[in-house]
Structures are given as structure tokens and as C-alpha cells.
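Trainee: The structure that follows is given in the form of C-alpha cells.
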Amino acid sequence: MRWSLIIAGNLVVMHSALAGGLHVEVRASDGKPVADTVVVAVPLDAGANVSPQTQSSGQKVVDQIDKQFVPYVKPVLAGSKVYFPNKDNIRHQVYSFSPAKRFELPLYAGTPAEPVIFDKPGVVTLGCNIHDWMIGYIYVSESPWFAITVEDGNADIINLPAGHYHVRIWHPAMAQKEEQTARNVEIGDGNITQKWMLPLSSSARPRRAPVPGATGYH
């Protein structure tokens, strides 16, 4: 009996020490890759949420360059501090009315002294009171296991502790609810691939407004 308990305990330790990877491919209905898609893996097993290796301890930044938010979509873990530097030669006024985070940074240039803390999971839509086309998004995740697709529509979440996960995706222009994309995925000692076909509505990005009687944009 004693040896059975020892063996069972060792198996549990070995299983918890295993780590794998989740490779995600997101395509639109026409087969084209979809960038800027957030992928979130929420652990369903107790203990799988410890020592996340997917998130760096570096400073979180959403920049303002050429009158655009850069990056367009920024995923962060709930509780993260995000800085909003303005690298343009004009002032911007950043705000959000989203339930997950309401805030306003009055007209400024350079980098505000204090970051904004995003402590509630959800999607935060960013805007600028001066430039209507400046739209960006911060996706605040309740799980430390997330990633975002690049131009080829691919993303990787690495070093996932072995176990079961509830995985879902989100994109600003998706034509369905986020929860409709969810699926349960089991991670073991190795990498697995999951693919999504994501119907998109019209672009979530407004067109930039040209200056009357001049070329370019204000």
C-alpha cells in the first residue's frame, strides 16, 4: 500500500512538471490569415496557473505613432500597468469608456509619469478626443497564458503546464461572440495545434480623416 501511494505521488509530481505548447492558426472565412487575434488559455486544473512563463516582466506600452495606437491590439494580464507614450509632434488625449476600464489622459506629449492599471478582465477600447480614427484595444486577460497572432495568423503559447484548458480567441472585427470560439484543449508533454476559422465583420478601424484642401492627414 505504501509503495502504491509513493508511486501515485510521483506520477502526480511528474505530471505537474510536464509542460507543452499550444500553436494556434487563425484564418478568415476566405482563408486569409488574421493578425491581431488574442488567444487565451484558461487552466481548468488546480495548480496549472502557477509560475507562468509566457509573460515577460518588461514594461507594458501602447505607443502613439503617426496618429495611431501601436500596437493596435495589446493583450495584458489583469493587474498590469500600461504606459501610453506619445511620440508624435502633436498632443493626444487618450480615453476609454469601456466597462473594464474607464480613464482619461488629458492632452499631453511625451510619456505620462504614471501608467494606467488594468485590473479588471475584459476588452478596453481606446480612443483619442482629437483624432476620431485613432482606435486601439487592450485585452485584459484573467489568465497569464495568452498570445496574439502576427501577420501570418499564427501564435504560440509556450511552457503550458500539462493539464486541461479552456481556450478562446478574440478579434476586434469578429462577427461572433468570443465565447462561441471557446473549446477545451488538453496539453501534455509536447506541442499541439489548434485552428480557427473566424468570420469577420467590416473593419473595426475607422478611416483616417484627410485635411480639407491638403494632401495627407492631420
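Trainee: Going residue by residue through region 152-159, is there one that turns out to be assigned to a loop (DSSP other than H, G, I, E, B), at pLDDT 95 or above and on the phi > 0 side of the Ramachandran plot?
Mentor: Of all residues in region 152-159, those assigned to a loop (DSSP other than H, G, I, E, B) come to 152-153.
Keeping just the survivors that are at pLDDT 95 or above gives 152-153.
Those still in the list that are on the phi > 0 side of the Ramachandran plot too: 153.
Checking region 152-159: at least one residue is assigned to a loop (DSSP other than H, G, I, E, B), at pLDDT 95 or above and on the phi > 0 side of the Ramachandran plot.
Trainee: Answer yes if at least one residue in region 102-112 is under 21 Å from the mean Cα position of the chain (by Cα) and aliphatic (A, V, I, L, M), and no otherwise.
Mentor: no
Trainee: Among the residues of region 177-186, is there at least one that is part of a strand (DSSP E or B), exposed (fewer than 15 other Cβ atoms within 10 Å of the Cβ) and modelled with pLDDT under 95? Walk me through how you get there before you give the answer.
Mentor: The initial filter retains those residues of region 177-186 that are part of a strand (DSSP E or B), namely 183-186.
When the remaining residues are screened for being exposed (fewer than 15 other Cβ atoms within 10 Å of the Cβ), the result is 183-184, 186.
Next, from what is left, pick out any that are modelled with pLDDT under 95: none.
Looking for residues that are part of a strand (DSSP E or B), exposed (fewer than 15 other Cβ atoms within 10 Å of the Cβ) and modelled with pLDDT under 95, one finds none in region 177-186, hence no.
Trainee: Out of everything in region 109-130 that is touching a strand residue (DSSP E or B) at 6+ places or on another chain (Cβ under 7 Å) and part of a loop (DSSP other than H, G, I, E, B), what residue ends up being nearest to residue 58 (Cα to Cα)? Break it down stepwise before answering.
Mentor: Initial filter on region 109-130 (touching a strand residue (DSSP E or B) at 6+ places or on another chain (Cβ under 7 Å)): 109-112, 115-118, 120-130.
Adding the requirement that they be part of a loop (DSSP other than H, G, I, E, B) leaves 109, 111-112, 115, 120-121, 129-130.
Working: 109: 23, 111: 16, 112: 17, 115: 13, 120: 20, 121: 20, 129: 29, 130: 30 Å.
That would be 115.
Trainee: Search region 60-106 for residues being of a type in the set (Val, Ile, Thr) and under 24 Å from residue 148 (Cα atoms), and hand back the single one that is surrounded by the fewest Cβ atoms within 10 Å (Cβ to Cβ).
Mentor: So the residue we want is 65.
Trainee: Picking from 160, 126, which residue would you name as being in the same structural domain as residue 75 (by TED's automatic domain parsing) and touching a residue at least 60 places away in the same chain (Cβ under 8 Å)?
Mentor: Working: 160 fails: in the same structural domain as residue 75 (by TED's automatic domain parsing).
Unique residue meeting the criteria: 126.
Trainee: Can you tell me which residues in region 118-136 are loosely packed, with under 15 Cβ neighbours inside 10 Å and over 12 Å from residue 99 (Cα atoms)?
Mentor: Answer for region 118-136, where residues must be loosely packed, with under 15 Cβ neighbours inside 10 Å and over 12 Å from residue 99 (Cα atoms): 129, 130, 132, 133.
Trainee: Also, I was wondering about something else. When you scan region 58-100 for strands (runs of 3 or more DSSP E) that lie fully inside it, which ones turn up with 3 or more residues that are without any contact (Cβ under 8 Å) to a residue 60 or more places away in the chain, in the same structural domain as residue 127 (by TED's automatic domain parsing) and closer than 15 Å to residue 116 by Cα?
Mentor: Details: elements: 63-65, 68-70, 73-77, 80-83, 92-98.
Result: 80-83, 92-98.
The values are calculated or read from the model by the stated rules, or taken from the named source; none is laboratory data. Everything numeric in this text was worked out from a predicted model, so none of it was measured. With ideal geometry, Cβ positions are generated from the backbone for all residues, glycine too; neighbour counts draw on all protein chains shown.
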